[in-house]
Amino acid sequence: MISDALFPLLRCPSCTSTNLVNHADAVLCQDCHVSYPKQSGYIDLMPRGVDYDYVSKYVSEEEQLAEELDYRDLAPPVLAAGVRNKTTVRLLDLNANDVCLDNGCGNGRFAVWNAHLVKTMVGNDPATMFADAAIDSIELTKADSRNLPFADNVFDKAFSLDVLEHFPIDVIDAYLAEQARVLKPGGRFLAMSNTREKSSLQPFVDASRWIGKQFVKAGVYDFEREKLRKSDHIKALETWEEVLAAFERAGLNPVKVVFWNSVFTSFVEHVLMKLGEAWAGRNKQGDKRVKSAAISDGTDREIRARRRLRGQLDRKGGLYYVLNGITWMMELDLRLFGSLHSGSYFIVVEKPRQ
Ligand SMILES: [Zn+2]
């Protein structure tokens with residue numbers, strides 16, 4: 001959505017002026033005279049006259065991925081997304097006075113799930129694969145995170161889930177510098193991402209992977225969609241030291257860190273959930289393929305499973321409680337092993353108050 005709460009936060013991404021005028025169908029910069037059109041539910045604030053040489057796959061293959069990831073409908077926050085969501089809320093301590101940015105919001109699910117906790121929730125992404133609920137309930141901008149269309153010092157909180165691993169180093173530096181600029185002094189930013197480092201509990205993870213492989217060999221399920229989702233992971237920050245150095249370059253000070261050693265999580269993701277999906281997505285008589293395009297049987301099955309399960313989740317039936325229980329089990333990884341160094345991490349950093 002585009003409401004009055006959004007305009008005071010904006011600045012022109014082309015010339016950095018905050019001298020913007022809000023018209024019915026566009027936001028106009030009084031200084032460089034660029035006009036930023038309002039689309040259905042968001043403002044297109046891509047900078048004019050800038051040619052970026054790096055574009056994430058999420059942008060360039062937007063349509064294909066959109067179909068595959070089935071982004072328009074939101075399920076409740078359960079499983080891996082539920083763990084991300086709960087941990088973000090817990091570590092960032094979102095409250096009713098916060099103006100909060102989801103920096104790289106994707107379809108906007110995390111912003112939607114937490115919009116009721118804060119004063120203003122803004123989602124920004126260069127790809128406009130926004131869920132219907134995001135268009136209904138959060139402020140949305142289409143912009144490049146290297147050139148955020150927001151004034152200095154306007155956000156109390158911000159978060160970035162599964163974003164950094166997509167960027168090369170120069171983009172990460174630009175992204176964090178911009179994130180730091182738009183945070184208020186004392187404002188906090190949470191990033192969840194992963195390095196290439198292995199957990200010391202890796203043997204447990206490998207055991208789950210091995211079990212998963214046996215089911216793949218037996219043709220029960222596959223990991224095509226996961227592969228697709230991870231297909232543009234660069235992981236330019238290869239080690240934890242490189243993560244800390246990147247935040248230091250941006251002038252952001254670490255205040256909290258939780259690692260995600262996926263002992264329970266990997267069992268859920270490689271075995272339990274996949275078995276559930278295979279069962280829920282099985283072909284019933286008269287089923288058509290979800291999409292006729294060239295997607296794998298596994299992907300087809302998963303989309304079908306997700307649609308069926310989503311219907312049940314929305315009614316908050318037994319399945320909802322089962323999945324919440326599994327989510328709780330996955331969260332144990334953070335509560336039990338959160339201080340143990342591993343590749344996946346949540347970090348909260350603060351902009352100095354001075
Ligand atoms: Zn301008």
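The values are calculated or read from the model by the stated rules, or taken from the named source; none is laboratory data. All values derive from a computational prediction rather than experimental measurement. Cβ sites come from the backbone with ideal geometry, for glycine too, and all protein chains shown count toward neighbours. Just the protein is used for accessible areas: all its heavy atoms, side chains included, with ligands, DNA and RNA removed. Shrake-Rupley method; radii C 1.70, N 1.55, O 1.52, S 1.80 Å.
Just a few scattered comments:
- A cut-off of 5 Å between modelled amide H atoms, ignoring neighbours fewer than 5 places along the same chain, links GLY123 with ASP102, GLU139, LEU140, THR141.
- Look at the dipole of segment 7-350 built from charges on Cβ: of GLY317, ALA81, PHE259, the Cα furthest out on the positive end belongs to GLY317.
- Solvent exposure, largest accessible area first (probe 1.4 Å, DNA, RNA and ligands not counted), of CYS15, CYS100: CYS15, CYS100
- Neighbour cut-off at most 10 other Cβ (10 Å), DSSP loop, trypsin sites (Lys or Arg not before Pro), segment 302-354: ARG315, ARG353
- SER231 - accessible surface, heavy atoms, 1.4 Å probe, Å² rounded to 10: 60
- Averaged over its residues, segment 7-350 has an accessible area of 44 Å² per residue, based on protein heavy atoms and a 1.4 Å probe.
- Cβ-isolated cysteines (cut-off 4.7 Å), the chain: CYS100, CYS105
- Projected label points at LEU332 and ARG249, each 7 Å from Cα along the beta carbon direction, are separated by 4.0 nanometres.
- Measuring nothing but protein heavy atoms, the accessible surface of the chain at 1.4 Å probe radius is 52 percent carbon and sulfur.
- Within the chain, percent of DSSP bridges classed antiparallel, to nearest 5: 50
- Dipole magnitude for the chain: about 1260 debye, using +1 per Lys or Arg Cβ and -1 per Asp or Glu Cβ, origin at the Cα centre.
- Dipole of segment 7-350, positive direction: furthest Cα of VAL216, ALA191, PHE155, with charges on the beta-carbon: VAL216
- Each Cα pair under 8 Å and six or more residues apart adds its sequence gap; the mean of these over the residue count of segment 81-221 is a relative contact order of 22 percent.
- With 24 Å as the limit, the listed pairs LYS230/LYS351; LYS227/LYS256; LYS256/LYS316; LYS230/LYS274 have LYS230/LYS351; LYS227/LYS256; LYS256/LYS316 beyond it between alpha carbons.
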